[in-house]
1. What number of residues within region 1-39 are more than 20 Å from residue 103 (Cβ to Cβ) and not in a loop (DSSP other than H, G, I, E, B)?
2. Of 84, 25, 77, which residue is surrounded by 10 or more Cβ atoms within 10 Å (Cβ to Cβ), farther than 23 Å from residue 109 by Cβ and at pLDDT below 75?
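The values are calculated or read from the model by the stated rules, or taken from the named source; none is laboratory data. It should be emphasised that the depicted structure is a prediction, and the values quoted were computed from it without experimental measurement. When we count neighbours, we look across all protein chains shown, and the Cβ atoms used for this are built from the backbone with ideal geometry, even at glycine.
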Amino acid sequence: MSNMKDYMMWLDDRGIATWCNSIDELIIPEGVNINAPELVDDYQSDAKWHNDPDDDELDDIEEEDLIIDDGDYDPSEVCWTPQEQWFNPDGGLTGEAYSHLYAIDSKGEFV
């Protein structure tokens, strides 16, 4: 799920705004600034809302992919290029690319 969608769900859950299924949009009451820093900070620091067991799984994946630079670079050890890691031959993103973007987005960074 994207970070923006999660934020909209949070706004709806807290009664700050209302999600309308018939128009598929968030209805924001007049005078409410959903981009106010205080509101965004409340969302980002809401531990009950962000307590997601899948986050631990994402952290495990990142630890497995950790590469430690020992200072002894050997180009023959590199078996892929960044292009091969992120893009399929047909031009679409790889599963690893999607996972990486999801992990960044779930941590609150806008992608």
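1. Narrowing region 1-39 to residues more than 20 Å from residue 103 (Cβ to Cβ): 8, 11-39.
Checking the rest, the ones that are also not in a loop (DSSP other than H, G, I, E, B) come to 8, 11-13, 18-20, 25-27, 37-39.
Selection size over region 1-39: 13.
2. Details: 25 fails: at pLDDT below 75; 77 fails: surrounded by 10 or more Cβ atoms within 10 Å (Cβ to Cβ).
Criteria check complete, one pass: 84.
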